Amino acid sequence: MPAIPIDRFEIRLSGLGGQGILTLGRILGQALALEHGYHVAQTQSYGPEARGGASRADVVVSSRPISYPKPVNLDLLVALSQEACNLYYRDLKGEGLLLVDADLVPQPPTNRFCALPFTALAREKLGNAQAMNIVCLGALVHVLPMLSLKAVKATLPAVLPAKIVELNLKAVELGSTRARKRYPDIATQWTFFSPTTTASMP
Amino acid sequence: MASKKRSRKELFAQGNDAVVEGALLSGCTFYAGYPITPSTEIAEGMAARLPYVPDGVFIQMEDEIASLGAAIGASLAGRKAMTATSGPGFSLMQEHIGYACMVEAPLVIVNVMRGGPSTGLPTSPAQGDVQQARWGTHGDHSIIVLSASNVQECLEMTVTAFNFAEKYRTPVILLLDEVTAHTRERLVIPEAGEVEILSRVAPSMPPEWYVPYEDGLRGVPPMPAMGSGYRYHVTGLTHDRNGFPTSRPDEVQALISRQFRKIDQFFYDIQLTESYLCDDAEVAVVAYGCVARSARLAVDLAREQGVRAGLLHLKTLFPFPRPAVEAVLRTCPRVVVPEMNMGQISREVKRVNNGLAAVRTVNRIDGQIITPQEILKPLLRG
């Protein structure tokens, strides 16, 4: 059994096609399912996945078997484009957490959000803007109490092609470190996550 | 923090990947298909894996008609064969489904349902092919239609589909939907020997004594592989017990009624259902495929609000699991049938209902999965 009991924690990862949203969802889901032993249902939008279109991956995590595989009421929304943020913000719970790319989402629809410049960090610190999805995953490692750095690091080589694993291991570290610096108390003080939640249904 | 018990192989995989694993586990060595969304990952997976299976053959055919034709040929040659498709391709396969029924070729056809009719909604889920799977090919025939609702079940039902095909010498149709096929979940691959794998019965008599369509107690004649010395005639025309065309009423009657009997008399083996909290239920949901997952959550929510709800999850769709459905209709005053079509299984439920319960339907045809809330509403309203 996983260490932290959860009853339906719902995550949506959204942004533009080409940002690596679907890969991000797959790695996040696999780490939670295979490394941590949670029940996970990961679905994704099938549509205009061409570069530039809207893209979305949903991850439902639970300690119990998951019946309905899609999110009903989001606990965490990751928005890597303004368009995605506007579109999906209304699906976020009142106490849910919004995590955005500071540069790509200039106008968050609320004051209550976390922002980190994932793309700028990836470009400047790693020399590769494409690693921004994994920098974001690093931030999720800090934000989500049930996700460990070790689990993510073990999952990366299983999903990604060998030649980019090294770069992405650095990207995870970078994202996690930056998130810890910027929001040191997020996992303990913010209310979006509580391990004892009962059904998070409307 | 992590709890790792990896005695068996675990994957984080889609329903389509699970179908591939299930087929290989069952001993499938032949796949012919034409890729089509949302079933493409099955073709991709078989193309990647079959070359490494002894005698494994993957062929991409020119269309779905040829795909099923090739699978029938492989089946007659002794292979366990499969093809996968979606709505438009399934329509093309209908003629050969009838041929497979007539020549009693064991094989598995996976149809990942998408929105229709015609090209419809290629990337959205639907359940519009349920009656087509039963009655799509012409002529009166018996056939087995199965469904699956999650990733692990995709593997299990693929194995079951192969087992039924081999045991009853019949094409078996596995109906999935886009949600089930594309959701990623943990998939535990059983080890060989952990699951029961059945294979067709080969004739034990010498070739010159072999009567290809001889009736027996089970109604399933033994089946040799082409090229193994047993020579017989294969035709889509109604045939006598030796396999040659006949229009003699007594022989036609014997053939067709045996083809029905070989499946119908084993209904207790074939009709798989799963009952969830039905024992004390005052209202029950009858659902299948991904909608069964919505229904399960709706049942939990209704129970939280004090309504004694239950779920009958149909895994076998045809032959219609009448005994299990009748049991629910007898004990629950109200029954709700949600499906992503205008009412294809609810027809069957109403057919066996005979005024026992009040049957309500929840239908959705806009390419979206039915949500738990939509099912909860009729559960709560008394």
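The table for this structure:
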quantity	calculated
Conditions (1) within 24 Å of B:P125 (Cα to Cα); (2) touching a strand residue (DSSP E or B) at 6+ places or on another chain (Cβ under 8 Å); (3) more than 14 Å from chain A (Cβ to nearest Cβ); number of the one not met by B:F320	(2)
Tabulated pairs, the stretch B:133-155, first at positive phi, second β-branched (V, I, T), C-beta under 9 angstrom, 6+ apart or interchain	B:G139/B:I256
Leading residue by the ranking (nearest to A:L32 (Cα to Cα)) among those in the stretch B:180-193 that are touching a residue at least 60 places away in the same chain (Cβ under 8 Å) and assigned to a loop (DSSP other than H, G, I, E, B)	B:T183
Filter result (over 27 Å from B:T123 (Cβ atoms), in contact (Cβ under 8 Å) with a residue 60 or more places away in the chain and crowded, with 19+ Cβ neighbours inside 10 Å) within the stretch B:29-77	B:L76
Selection count, the stretch B:270-316, where residues are open to solvent by less than 10 Å² (accessible area, probe 1.4 Å), in contact with an Asp or Glu (Cβ under 6 Å, 6 or more places away or on another chain) and part of a loop (DSSP other than H, G, I, E, B)	1
The stretch B:198-224 - residue that is out of contact with any helix residue (DSSP H, G or I) (no Cβ under 8 Å at 6 or more places or on another chain), among the hydrophobic types (A, V, I, L, M, F, W, C) and in a loop (DSSP other than H, G, I, E, B) and, of those, nearest to B:L25 (Cα to Cα)	B:V201
Meets criteria (loosely packed, with under 14 Cβ neighbours inside 10 Å, farther than 30 Å from A:P71 by Cα, more than 14 Å from chain A (Cβ to nearest Cβ) and among the hydroxyl-bearing types (S, T, Y)) for B:S204	yes
Elements of type helices (runs of 4 or more DSSP H) in the stretch B:1-98, at least 3 residues being of a type in the set (A, V, I, L, M), away from chain A (no Cβ under 14 Å) and more than 27 Å from A:Q42 (Cα to Cα)	B:64-76
So A:V60, is it buried (at least 24 other Cβ atoms within 10 Å of the Cβ), within 21 Å of B:R293 (Cα to Cα) and among the β-branched types (V, I, T)	yes
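Rundown of residues vs (1) out of contact with any Asp or Glu (no Cβ under 6 Å at 6 or more places or on another chain); (2) within 21 Å of A:F193 (Cβ to Cβ); (3) among the basic types (K, R), yes/no style:
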{"residue": "A:E95", "(1), (2), (3)": "yes, yes, no"}
{"residue": "A:C114", "(1), (2), (3)": "yes, yes, no"}
{"residue": "A:F118", "(1), (2), (3)": "no, yes, no"}
{"residue": "A:R123", "(1), (2), (3)": "yes, no, yes"}
{"residue": "A:M132", "(1), (2), (3)": "yes, no, no"}
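The values are calculated or read from the model by the stated rules, or taken from the named source; none is laboratory data. These numbers come from a predicted model, not from an experiment. A quick note on method: Cβ atoms are made from the backbone with ideal geometry, for glycine too, and the neighbour counts reach across all protein chains shown. With ligands, DNA and RNA removed, areas are computed over all heavy atoms of the protein, side chains included. Shrake-Rupley method; radii C 1.70, N 1.55, O 1.52, S 1.80 Å.
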